[in-house]
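Down below is the structure, laid out as structure tokens.
The values are calculated or read from the model by the stated rules, or taken from the named source; none is laboratory data. Not measured: the values here are computed from a predicted model. Glycine also receives a Cβ, built like all others from the backbone with ideal geometry; neighbour counts cover every protein chain displayed. Protein only, heavy atoms only, side chains kept; ligands, DNA and RNA dropped before computing areas. Shrake-Rupley method; radii C 1.70, N 1.55, O 1.52, S 1.80 Å.
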Amino acid sequence: MKLDANSGFIADADAGSLPPAVSTVTVIQPQRGWRAVDARELWLYHELLFFLIWRDIKVRYKQTVIGAAWAILQPVCTMVIFSVIFGSFAKIPSDGVPYPVFVYAGLLPWLFFANAVSQSSQSLVAQSQLLTKVYFPRLFIPASSIGVGLVDFSLSFCVYLGLMVWFAHLPGLSVLLLPGLLFLTVLTALGVGIFLASITVTYRDFRIVVPFMVQVWMYLSPVVYSVTIVPEQYRWIMALNPMTGIIGGFRSALLNQPVDWNALGISTIISSTLLIIGVANFRRTERRFADIV
Amino acid sequence: MPRPAIRVENLGKQYKIGLREDAQRNFGEALIHALGSPLRRLRALGEKSDGRDLFWALRDISFELQPGEVLGIIGHNGAGKSTLLKILSRITEPTTGRAEMRGSVRSLLEVGTGFHPELTGRENIYLNGAILGMKRSEINAHFDEIVAFAEIDRFLDTPVKRYSSGMYVRLAFAVAAHLQPEILIVDEVLAVGDVAFQKKCLGTMQNVATSGRTVLFVSHNLAAISQICTRAILLDAGRTVFDGPPAETVRRYLGQEQSTAARATFAIEPELSMQVTSVALESTDGRPIDGVDFTQRCVLNVGYAIREWKPGAYVCVAVSGESGVHVLWSSDVQRADELTAPRAPGTYEARIEIPDNVLAPGRYHASVAIFAPNSQRAYDFRERPIGFEVRDNESMLKRFGIKFPAVTAIPLNWSTRHVAPVVPDKRVDLSTPPTATVSAEPVGGAD
């Protein structure tokens with residue numbers, strides 16, 4: 001296609017070449033109730049998911065003076081403060097591991113989860129411009145905002161490698177569980193994030209509720225303490241929080257401690273359930289997003 | 001007969017008035033609401049048919065569009081044009097009815113959707129392309145064309161937040177111009193940018209329209225509708241009022257407007273630095289008239305007020321015909337160097353004489369605006385506030401009841417002479433220079 005500089009018309013045959021023969025039929029009609037996830041459509045648009053993730057990462061690390069350092073500073077500062085307050089002053093037991101390593105191993109999945117949930121719950125409202133002007137699978141909006149968290153996670157994981165060497169606390173074979181654990185964390189964050197995103201569109205107060213909820217959730221999860229300090233008869237309540245199993249799993253993998261398969265199993269079931277509920281609720285309400293956002 | 005590219009049946013969209021507030025109520029209220037809902041449901045059974053707080057933005061819309069047809073959609077603000085496009089773009093769901101579209105669909109409801117100010121031009125081309133539904137390979141293939149079309153090659157790696165608004169819009173449209181779907185849905189994209197850019201957009205639209213794609217096109221630019229579309233529908237209050245040839249649809253739309261009177265005055269708006277206060281059609285001796293014979297001169301009387309003079313501003317009028325095309329345009333500044341001459345604050349009256357034998361018999365509208373050459377928007381713009389009739393009083397055609405077949409009625413000088421009293425009775429090709437045989441014919445036999 002060439003441009004005719006004078007008229008600005010796109011002047012040649014290419015504009016006349018039609019796209020390939022008609023293949024798809026789009027049917028638009030009112031739908032009621034619950035809808036399944038359209039996997040074919042998600043695949044059709046999968047490039048967009050990567051573009052949205054890529055955009056968030058670009059924007060995140062552009063224009064910040066120390067760029068990637070922020071992703072490291074947040075967990076490191078948190079670790080230092082927690083180590084001083086909970087480790088040194090409050091003397092919370094850490095299963096015989098140096099407290100900084102112990103708390104950092106818990107902060108790795110927790111900070112990823114907390115940031116991911118906060119980001120994705122705000123994502124639909126923050127990108128209402130897209131919702132009202134163009135069609136694509138809406139699930140991509142909360143899902144893509146978890147992408148940045150993964151990059152941050154890998155950066156803060158590098159710091160952990162340093163800590164490990166410094167405190168001479170090497171992991172054992174169970175470190176091989178890490179990819180699976182990370183996957184489980186992503187699953188949980190997606191479930192909670194997608195659910196909160198769809199609710200935030202309808203009830204804007206969730207913009208205030210979510211940060212508070214995340215903070216409370218942290219103290220309900222074994223981030224600064226170990227499950228072992230919780231009395232035996234209450235542990236099952238702790239286990240209902242999927243992050244309990246996940247954080248415990250991360251500690252087992254990184255600190256070479258026995259893996260609590262029961263807790264991990266419960267986490268997996270609850271996380272999957274959360275994801276199903278989150279996606280189902282999202283699909284049910286998404287048809288109204290453009291009208292109410 | 002090929003199968004239609006788009007089939008729309010009884011499409012309707014209902015909004016609950018106040019839905020916005022209702023939906024954004026806080027969670028506490030929602031809880032109370034939910035707890036009380038069984039009670040309310042019981043009560044609602046009795047008053048179900050009320051429907052006062054319901055509002056149909058779109059009602060019973062049906063049409064079929066064959067592949068390659070270019071459908072224009074016109075109507076006043078709130079007529080349902082954008083709602084229709086949003087439903088067909090799958091952004092919002094219809095309340096009733098059904099639509100079926102064969103082929104890939106892309107829609108362009110806004111120029112630059114998803115542009116991120118922090119990202120560079122290059123990055124935004126990819127991002128925006130992906131959002132509009134292009135594959136990465138497609139964007140790669142068109143990348144150079146997009147950059148050339150947008151004329152931004154020097155700023156390709158500059159964040160778009162540093163772009164001028166013109167550059168921004170050019171880039172955004174350039175990406176969109178390279179969408180190649182089978183069905184394209186476009187909402188009022190020609191309204192942005194400067195005149196040169198609008199022309200370029202129009203050219204692109206025209207090209208898309210002639211390339212065999214099926215296009216749905218909303219615009220307030222009636223000339224563009226007449227020019228580009230093969231068919232147009234007129235929407236009013238959510239319903240289709242007319243469906244037919246663009247020229248006829250545009251005519252009905254203009255007829256529907258309130259501007260049947262030949263004079264209009266406007267409320268004073270103190271926040272406008274310069275504003276039009278009145279427009280009226282007058283005879284040359286200053287009497288108000290509703291129409292004029294085409295062989296008579298008439299005057300457009302424009303009143304305007306200047307509170308604060310903006311350098312470079314000028315007042316202009318345009319007269320448009322039934323198809324919406326501007327037949328006449330004129331401004332009170334003729335030469336470029338007169339543009340900066342300041343004007344004292346106060347009220348003004350301008351009388352613009354329209355010569356006789358210029359406007360062909362027919363119905364016209366006049367628009368008045370106060371513009372500045374470099375500004376993208378007008379200080380004040382009154383679109384078609386008045387309408388008037390130019391009557392055919394004495395043309396030869398009128399005697400036979402024929403409508404004047406042109407936009408202007410400028411008399412052309414005819415000088416006719418009788419060349420010869422005889423006409424060749426053999427078939428002669430007159431396009432070739434006379435040859436010996438032709439000149440041998442007894443043309444000059446009359447001597």
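Annotations
- Boolean, residue B:68 is modelled with pLDDT under 90 and in contact with a Ser or Thr (Cβ under 8 Å, 6 or more places away or on another chain): yes
- Qualifying residue in the stretch B:18-41 (condition: modelled with pLDDT of 90 or more and of a type in the set (Asp, Glu)): no
- Scope the stretch A:77-92; condition surrounded by 13 or more Cβ atoms within 10 Å (Cβ to Cβ) and aromatic (Phe, Trp, Tyr); matching residues: A:82, A:86
- Considering only residues in the stretch A:203-217 that are within 14 Å of chain B (Cβ to nearest Cβ) and open to solvent by 40 Å² or more (accessible area, probe 1.4 Å), the one that is modelled with the lowest pLDDT turns out to be A:204.
- Taking the listed residues B:179, B:171, B:184, the one that is crowded, with 23+ Cβ neighbours inside 10 Å and outside any helix (DSSP H, G or I) is B:184, with no other qualifying.
- Verdict on residue A:215 being assigned to a helix (DSSP H, G or I), under 14 Å from residue A:111 (Cα atoms) and among the polar types (S, T, N, Q): yes
- Residue identified as part of a helix (DSSP H, G or I), away from chain B (no Cβ under 14 Å) and buried (at least 21 other Cβ atoms within 10 Å of the Cβ) among A:162, A:149, A:180: A:149
- Some residue of the stretch B:261-281 being closer than 30 Å to residue B:62 by Cα, open to solvent by 50 Å² or more (accessible area, probe 1.4 Å), touching a strand residue (DSSP E or B) at 6+ places or on another chain (Cβ under 6 Å) and modelled with pLDDT under 90: no
- Looking only at residues in the stretch B:63-103 that are at the interface with chain A (Cβ under 9 Å from one of its Cβ atoms) and assigned to a helix (DSSP H, G or I), the one that is most open to solvent (accessible area, probe 1.4 Å) is B:86.
- Inside the stretch B:193-214, residues that are open to solvent by less than 20 Å² (accessible area, probe 1.4 Å) and not in a helix (DSSP H, G or I) make up a count of 4.
- Hits in the stretch B:346-372 (condition: open to solvent by 70 Å² or more (accessible area, probe 1.4 Å) and over 21 Å from residue B:284 (Cβ atoms)): B:347
- Test: residue in the stretch B:139-150 that is closer than 26 Å to residue A:44 by Cα, within 12 Å of another protein chain (Cβ to nearest Cβ), part of a loop (DSSP other than H, G, I, E, B) and of a type outside the set (A, V, I, L, M): no
- Some residue of the stretch A:24-39 being more than 14 Å from chain B (Cβ to nearest Cβ), open to solvent by 50 Å² or more (accessible area, probe 1.4 Å), closer than 30 Å to residue B:6 by Cβ and free of Cβ contacts under 8 Å to residues at least 40 places away in the same chain: yes
- Exactly one residue among A:240, A:220, A:274, A:190 is open to solvent by 20 Å² or more (accessible area, probe 1.4 Å), under 25 Å from residue A:87 (Cα atoms) and at pLDDT 90 or above, and that residue is A:220.
Matching residues to (1) modelled with pLDDT under 90; (2) crowded, with 17+ Cβ neighbours inside 10 Å; (3) not in a loop (DSSP other than H, G, I, E, B):
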residue: B:284; (1), (2), (3): no, no, no
residue: B:292; (1), (2), (3): no, yes, yes
residue: B:296; (1), (2), (3): no, yes, no
residue: B:300; (1), (2), (3): no, yes, yes
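- Of all residues in the stretch A:218-244, those satisfying the criterion of being without any contact (Cβ under 8 Å) to a residue 24 or more places away in the chain, farther than 20 Å from residue A:78 by Cβ and in a helix (DSSP H, G or I) are A:232, A:233, A:234, A:235, A:236, A:237, A:238.
- Where residue B:141 falls short, out of the listed (1) modelled with pLDDT under 90; (2) open to solvent by 10 Å² or more (accessible area, probe 1.4 Å): (1)
- Qualifying residue in the stretch A:99-121 (condition: more than 15 Å from residue A:225 (Cβ to Cβ), free of Cβ contacts under 8 Å to residues at least 40 places away in the same chain, open to solvent by 10 Å² or more (accessible area, probe 1.4 Å) and more than 14 Å from chain B (Cβ to nearest Cβ)): yes
- Within the stretch B:215-256, the residues that satisfy the criterion of being part of a loop (DSSP other than H, G, I, E, B), surrounded by fewer than 17 Cβ atoms within 10 Å (Cβ to Cβ) and at pLDDT 90 or above are B:230, B:245.
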